[in-house]
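Okay, structure first, notes after.
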Amino acid sequence: MYLTIKETAEYLELDEAKIRAFVLQGKIRAVYDGKQYLINKDQFSTHLEQMEKYREMIQEYLREPLPEDIDVKDED
């Protein structure tokens, strides 16, 4: 499925100008049909999956309890 720059910006939740710059710099592959750039949506699926895994790893790390400090002495 091909998306326009505007649709891609909405899909990735980024600014249109940033998407346009990425296309012109060659960081995002696109096809120019004479009027507009068309971007294949599937090229982002791997990146988005990796970002989701990274978010899950961070959440898992943040849920772990802090270990007891071995320097703390019980003074009772």
Candidates Tyr32, Tyr2, Tyr54 - the one that is aromatic (Phe, Trp, Tyr) and within 17 Å of the chain's Cα centre (by Cα)
Tyr54
Out of all the residues in the stretch 13-27, is one or more open to solvent by 80 Å² or more (accessible area, probe 1.4 Å), of a type in the set (A, V, I, L, M) and more than 18 Å from the chain's Cα centre (by Cα)?
yes
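The values are calculated or read from the model by the stated rules, or taken from the named source; none is laboratory data. Computed from a predicted structure; not experimentally measured. The area values use the complete protein model at the heavy-atom level, side chains included, leaving out ligands, DNA and RNA. Shrake-Rupley method; radii C 1.70, N 1.55, O 1.52, S 1.80 Å.
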